[in-house]
Amino acid sequence: MAAGGEQRATARGWRDSVREYARAVSGGVRDGERGPLLVVAGLIVIWIVFQGLDDKFLSPRNLSNLSVDIVGTGLVAVGIVFVLLIREIDLSVGSVSGLAGAAFAVLNVNQGVPEWLAVIVAVAAGTAVGAFHGFFHAWLGVPAFVVTLAGLLIWNGLTLYLLGASGTINIDEEGLVASLTSRHFGNHLVAYAVAALGTAGYALASRRRRSRHRAAGMPYRHGGDIWLRTGLLAVVAFAGAYTLNRFQGLPLALLIFLVVLVVSDYVLRRTRYGRRVYALGGGVEAARRAGIGVERVRIAMFMVSGTLAAFGGLFVASGLTSASPTTARAAGSGMLLINAIAAAVIGGTSLFGGRGSPWSVLLGVVVIQSIASGMGLLGVQDAVQFMITGGVLLAAVAADALSRRAQAGRGRP
């Protein structure tokens, strides 16, 4: 009898968790708040449409290529998130990514500098550019829009100058940078181990957060809710691992991207510095009164943006096995900037500051790249792809504005 009663209580707990989760989602939709489930729903629709138009879209090969293609833009978008969180914008990330790719190619191919050293110099150049932008904005008071718009022109011009008359430098297809996007872990256990580790890490972090909130008398998630979310994550993670293993295994690029997301999310959500970033996004004057060094935080965020833009530029150059800002998909092109901003905003990061996380980039960049991949399979010209991407970005920004208006109407900041 006792065992039966315990089982019934457990079942009731699961049903209550499901109902609570459904109420939270539906309430958020009614109030104009965007959440990951809405983005997931849109992504599912996109996948169904393209699969219906071309049955190769959801093939293991195409999905594996998709998981690699998202990395360059995704890394740039993570840097954008850091800047958006403090209510600023960085329009130079596309040019900075192109500059990093050009610097690497010139040093390694033309000057004979070892690849590892050329990579360090290229990424350090991105960090220095970010510090340059942050100094003009934080200490001299020049609006970030103007500073980074000027940077877009300056660094794009410098990139063209470094590449010379040809405008393109091919990199070693067997080298370190090229392997960033060409290397796969053929052992199937690697993909499943990453899926298991990610699922277990999420469950452990959620339970620790629940314990801290419960001890502090704060609202906390019920155990059934945590296990429900963990179960959904496990299904997605292991399904992804199975799909990747059906082609060439886990791509190195995707693994690096996931590590960057985990580290970035930890810094923003679990450190004192991250709390200062969110506080600054909530209001400059309130942050100053709380003793936060506003100027230092601003400079640091632009340095993060520049560093990740350079890192992303190396991945884009790796995929193309060349440094060239002249093609629409290359580092340094305007489309990389637009796609990075779109990925951050579509994923749920607010253009008005104070809301968002690096993980939001993952969903956003998958949406953007899925559209590009699907239309590429269908042979749709770039002009149409640009218009559709712009429409998706406009819809995401409009949803963000409506969300803020709904919150203001309820008296929330």
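The values are calculated or read from the model by the stated rules, or taken from the named source; none is laboratory data. In this text the structure is predicted, and so the values were computed from the model without any measurement. Every residue, glycine among them, receives a Cβ derived from its backbone with ideal geometry; neighbour counts consider all protein chains shown. Heads up: the accessible areas ignore ligands, DNA and RNA and are worked out on the full protein's heavy atoms, side chains in. Shrake-Rupley method; radii C 1.70, N 1.55, O 1.52, S 1.80 Å.
Worth pointing out:
- Shape class of the stretch 62-189 from the alpha-carbon gyration tensor: oblate, with a/c at 1.5 or above and b/c at least as large as a/b.
- Normalising the average separation of contacting C-alpha pairs (under 8 angstrom, six or more residues apart) by the number of residues puts the relative contact order of the chain at 33 percent.
- Residue among SER95, ALA398, VAL68 farthest towards the positive dipole end of the chain, charges placed on Cβ: ALA398
- Förster radius 22 Å - calculated FRET efficiency between LEU53 and GLN248 (Cβ-Cβ, nearest 0.05): 0.30
- Most tightly packed first, judged by the mean number of other beta-carbon atoms within 10 Å of their residues, the peptides 343-352, 77-86, 232-241 read 77-86, 343-352, 232-241.
- Cα gyration tensor, the stretch 97-167 - rounded (a/c under 1.5), prolate or oblate: oblate
- Each peptide in 298-305, 255-262 was scored by the mean count of other Cβ atoms within 10 Å over its residues; highest first, the order is 298-305, 255-262.
- Here the chain is assigned +1 on the Cβ of each Lys and Arg and -1 on the Cβ of each Asp and Glu. Its dipole about the Cα centre then comes out at about 2220 debye.
- Over the stretch 145-215: Rg over Rh, Cα atoms, Kirkwood Rh: 1.30
- Long-range tail of P(r) for the stretch 159-317 (Cα pairs > 25 Å, %): 55
- Cα gyration tensor shape of the stretch 34-91, rounded if a/c is under 1.5, else prolate or oblate by comparing a/b with b/c: oblate
- Each 10 Å bin from zero holds the following percent of Cα-Cα pairs in the chain: 5, 20, 31, 26, 13, 4, 1, 0, 0.
- Projected label distance in nm at ILE388 and VAL40, using a 7 Å step from Cα toward the beta-carbon: 2.4
- Here the peptides 157-164, 375-382 are ranked by packing, the mean other Cβ count within 10 Å, and the order with the highest first is 157-164, 375-382.
- Of all accessible heavy-atom area on the stretch 88-194, the percent that carbon and sulfur account for (1.4 Å): 69
- Ligands, DNA and RNA are left out, and with a 1.4 angstrom probe the accessible area of the chain is 48 Å² per residue.
- Surrounding net charge for GLN248, when Lys and Arg each add one and Asp and Glu each subtract one, Cβ distance under 15 Å: +2
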